[in-house]
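Student: Okay, here's the structure, questions in a sec.
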Amino acid sequence: MDKIETLTSENAIVVFSKSTCCLCYAVTILFKELGVEPLIHELDHDPEGWEIEKALVNQGCNSPPVPAVFIGGKLVGSTNEVMSLHLRGALIPLIRPYQSLA
Amino acid sequence: MNSSSTQYLNSKRMEVYEPMNPFSMWGDFKGNIYQDAAMIIEVDAKLENQLSEDNSHTTHGPSNQCDQEASKPVDKVLRRLAQNREAARKSRLRKKAYVQQLEASRLKLLHLEQELEQTKAQCALMRGGVNASQLGFPGAATHAGIAAFEIEYEQWVDLQNKKTNNLKTALNSGMDDTELDRLVQDALNHYANLFNIKATVAKADVCYLISGVWKTSIERLFLWIGGFRPSELLKVLVPQLQLLDHQSHDLYNLIQACQQAEDSLSQGMEKLQQTLAEAVACGQALGGGCYEMRNAMDKLEELVRLVIQADYVRHETLQQTLRNLTPRQAAQGLISLGEYLQRLRDLSSTWAMRLCEPA
């Protein structure tokens, strides 16, 4: 889907989220703790949110479609995948190019 | 002993003994115990005679003992009698407390047996394939889900202790690594089963799961989103393992990553509590004290996801820990974990019993 393509190619880390979703919030907190600022796209604040959600489901993000995390333009997955990567020590290498020096 | 005191004793003896037998005299003496030293000595002798159940002594017997014991200081005897009384009193009090405790335990046991029968009935219904919601009372499905969980969890704990013991035996028996690894994988699968049954009850009643009532009291002290903090368990276990440097380094990194994951979920939990509170407070009033609960109910559904996510982190952490270890180290780690958890449960029992110790 175009919008997903655009957003994920222009931003290092993108989290498709819903403002009421506590797991989406947890994932963004984790990224911030690791020194990166993801772009958070709230689907419930986007008039095209429904379209994006459908597209995400088509890409394999279902039950539920959010949070959907993209790093370097590629779909990483949902909370499970992010947590799993981090516990294996594989998340930090993925985001290292985008970590702020602060 | 001088002759005057001997005479004194003899005259007293003659006054009291002659018309009566020794035992009724003891009965009469009780009231006069402090008044006459000779009588006290005789009472003491009587006590000793009664204890040994020897009725064969003659009227001369006590008088002989009197002569021998006249040299004992009176206050020593007084003290001993007072101590005896005190000991008897304490003994009676202890017995009373013990009996009361037995009574209370009996009632508790009856109550528990009743509960158990009810639970068994419900589970039989569930296993028989009857739709639990047809049980005919509000929240029947939830009730049955909880009842089933409690039974399954108790069986899980039993089996876990058995597997821990098997691992211990295997480790000490010099079993080869392939066989040991098989046992390790089996123990890992058992933990996977735990997370499965927790997920099932989370869907039946997440509030029940998160409350931790299904755990023992000491385990509940460490409660974090429906279970233990995996990083805390790791911190307990790692010092008990013999690790190579690179293993220590990897496990240290894992503990850190785990803490970061836990922090993010903790903050997710706080956000959920906040939005739940808002949903309750801002729900539109519907009259008659009712309010629009749909948003609040949605939030509770989210809680289910959060708890299952926390369990996922627990499971992943356990798997990642064992991946970094040799079969022997993994076996030792699982043994230490199993023993630690059981120690917490045992401490709960001891803690609960602490007020029942005899005075």
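Student: Return the pairs, sorted by first residue and then second, in which the second residue is assigned to a helix (DSSP H, G or I) and open to solvent by 20 Å² or more (accessible area, probe 1.4 Å), the first residue lies in the stretch B:317-329 and is within 16 Å of B:D176 (Cβ to Cβ) and more than 9 Å from chain A (Cβ to nearest Cβ), the beta carbons are less than 6 Å apart, and the residues are 6+ apart or on different chains.
Tutor: Here the result reads B:P327/B:D177; B:P327/B:D181, each pair linking the stretch B:317-329 to a residue that is assigned to a helix (DSSP H, G or I) and open to solvent by 20 Å² or more (accessible area, probe 1.4 Å).
Student: To continue, here is another question. Mind telling me which of the residues B:E103, B:E115 ends up being surrounded by fewer than 13 Cβ atoms within 10 Å (Cβ to Cβ), at pLDDT below 85, out of contact with any helix residue (DSSP H, G or I) (no Cβ under 8 Å at 6 or more places or on another chain) and under 30 Å from B:L355 (Cα atoms)? Can you show your working first?
Tutor: Working: B:E103 fails: at pLDDT below 85.
It is B:E115.
Student: Within the stretch B:178-212, which residues are out of contact with any helix residue (DSSP H, G or I) (no Cβ under 8 Å at 6 or more places or on another chain) and closer than 23 Å to B:R345 by Cβ?
Tutor: If the condition is that a residue be out of contact with any helix residue (DSSP H, G or I) (no Cβ under 8 Å at 6 or more places or on another chain) and closer than 23 Å to B:R345 by Cβ, then B:N189, B:N196, B:S211 are the ones that fit.
Student: Answer yes or no as to whether B:E292 is farther than 20 Å from A:L30 by Cβ, open to solvent by 20 Å² or more (accessible area, probe 1.4 Å) and either within 14 Å of chain A (Cβ to nearest Cβ) or modelled with pLDDT of 95 or more (or both).
Tutor: On the way: farther than 20 Å from A:L30 by Cβ: yes; open to solvent by 20 Å² or more (accessible area, probe 1.4 Å): yes; either within 14 Å of chain A (Cβ to nearest Cβ) or modelled with pLDDT of 95 or more (or both): no.
Considered against the rule, which asks whether it is farther than 20 Å from A:L30 by Cβ, open to solvent by 20 Å² or more (accessible area, probe 1.4 Å) and either within 14 Å of chain A (Cβ to nearest Cβ) or modelled with pLDDT of 95 or more (or both), B:E292 comes out as no.
Student: I need a count of the residues in the stretch A:47-98 that are more than 14 Å from every other protein chain (Cβ to nearest Cβ) and polar (S, T, N, Q).
Tutor: Total meeting the criteria: 2.
Student: Please give the helices (runs of 4 or more DSSP H) falling wholly within chain A in which 1 or more residues are within 27 Å of B:L272 (Cα to Cα) and among the acidic types (D, E). Break it down stepwise before answering.
Tutor: Working: elements: A:2-10, A:22-33, A:49-58, A:79-87, A:91-95.
It comes to A:22-33, A:49-58, A:79-87.
Student: For the subset of the stretch A:1-36 comprising residues that are farther than 17 Å from A:V76 by Cα and of a type in the set (S, T, N, Q), which member is nearest to the other protein chains (Cβ to nearest Cβ)?
Tutor: Among those residues, the one meeting the criterion is A:T20.
Student: Restricting attention to the stretch A:1-24, which residues are free of Cβ contacts under 8 Å to residues at least 40 places away in the same chain and closer than 19 Å to B:A261 by Cα?
Tutor: A:C22
Student: Looking at (1) open to solvent by less than 50 Å² (accessible area, probe 1.4 Å); (2) at pLDDT 95 or above, can you tell me which one B:R343 breaks?
Tutor: Result: B:R343 passes all but (1).
Student: crowded, with 19+ Cβ neighbours inside 10 Å and either away from every other protein chain (no Cβ under 14 Å) or small (G, A, S) (or both), is that true of A:H41?
Tutor: Numbers: crowded, with 19+ Cβ neighbours inside 10 Å: yes; either away from every other protein chain (no Cβ under 14 Å) or small (G, A, S) (or both): yes.
For A:H41, the condition - crowded, with 19+ Cβ neighbours inside 10 Å and either away from every other protein chain (no Cβ under 14 Å) or small (G, A, S) (or both) - is met.
Student: Now, a different point. Considering the stretch A:44-60 alone, what residues qualify as being open to solvent by 10 Å² or more (accessible area, probe 1.4 Å) and touching a helix residue (DSSP H, G or I) at 6+ places or on another chain (Cβ under 9 Å)?
Tutor: Narrowing the stretch A:44-60 to residues open to solvent by 10 Å² or more (accessible area, probe 1.4 Å): A:44-48, A:50-51, A:53-55, A:57-60.
Scanning the stretch A:44-60 gives A:D46, A:E48, A:W50, A:E51, A:E53, A:A55, A:Q59.
Student: Restricting to the stretch B:174-198, and then to whatever is open to solvent by 80 Å² or more (accessible area, probe 1.4 Å) and farther than 21 Å from B:E219 by Cβ, can you tell me which residue is nearest to the chain's Cα centre (by Cα)?
Tutor: Result: B:N189.
Student: For B:T216, indicate whether it is buried (at least 17 other Cβ atoms within 10 Å of the Cβ), hydroxyl-bearing (S, T, Y) and within 11 Å of another protein chain (Cβ to nearest Cβ). Lay out the reasoning, then the answer.
Tutor: Details: buried (at least 17 other Cβ atoms within 10 Å of the Cβ): yes; hydroxyl-bearing (S, T, Y): yes; within 11 Å of another protein chain (Cβ to nearest Cβ): no.
It is false that B:T216 is buried (at least 17 other Cβ atoms within 10 Å of the Cβ), hydroxyl-bearing (S, T, Y) and within 11 Å of another protein chain (Cβ to nearest Cβ).
Student: Say whether the condition of being open to solvent by 70 Å² or more (accessible area, probe 1.4 Å) and within 28 Å of B:T200 (Cβ to Cβ) is met by at least one residue in the stretch B:321-338.
Tutor: Going through the stretch B:321-338, the residues open to solvent by 70 Å² or more (accessible area, probe 1.4 Å) turn out to be B:323, B:328.
Pick out the ones that are also within 28 Å of B:T200 (Cβ to Cβ) and you get B:323.
Scanning the stretch B:321-338, I find at least one residue that is open to solvent by 70 Å² or more (accessible area, probe 1.4 Å) and within 28 Å of B:T200 (Cβ to Cβ), so the answer is yes.
Student: Report every pair of residues separated by at least 6 positions or lying on different chains whose Cβ atoms are under 6 Å apart, first residue within the stretch A:44-62 and touching a residue at least 40 places away in the same chain (Cβ under 8 Å) and more than 18 Å from A:T20 (Cα to Cα), second part of a loop (DSSP other than H, G, I, E, B) and of a type in the set (A, V, I, L, M, F, W, C).
Tutor: What qualifies is A:A55/A:M1.
Student: Can you confirm whether B:Q259 is under 22 Å from B:N189 (Cα atoms), at pLDDT 95 or above and open to solvent by 30 Å² or more (accessible area, probe 1.4 Å)?
Tutor: Details: under 22 Å from B:N189 (Cα atoms): no; at pLDDT 95 or above: yes; open to solvent by 30 Å² or more (accessible area, probe 1.4 Å): yes.
Spelling it out, it is not the case that B:Q259 is under 22 Å from B:N189 (Cα atoms), at pLDDT 95 or above and open to solvent by 30 Å² or more (accessible area, probe 1.4 Å).
Student: Which one is least open to solvent (accessible area, probe 1.4 Å) among residues in the stretch B:269-289 that are closer than 30 Å to B:T317 by Cα and either more than 9 Å from every other protein chain (Cβ to nearest Cβ) or without any contact (Cβ under 8 Å) to a residue 40 or more places away in the chain (or both)?
Tutor: Checking each candidate, the answer is B:L272.
Student: Any idea which of B:L233, B:L300 is under 24 Å from A:I92 (Cα atoms) and either more than 10 Å from every other protein chain (Cβ to nearest Cβ) or open to solvent by less than 50 Å² (accessible area, probe 1.4 Å) (or both)? Step through it out loud before you land on a result.
Tutor: Values: B:L300 fails: under 24 Å from A:I92 (Cα atoms).
When all the criteria are applied, what remains is B:L233.
The values are calculated or read from the model by the stated rules, or taken from the named source; none is laboratory data. From a predicted model like this one, the values you see are computed outputs, not experimental measurements. Note that each Cβ is placed from the backbone with ideal geometry, even for glycine, and that neighbours are counted across all protein chains shown. To get the accessible areas, we keep the full protein, side chains included, count just its heavy atoms, and leave off ligands, DNA and RNA. Shrake-Rupley method; radii C 1.70, N 1.55, O 1.52, S 1.80 Å.
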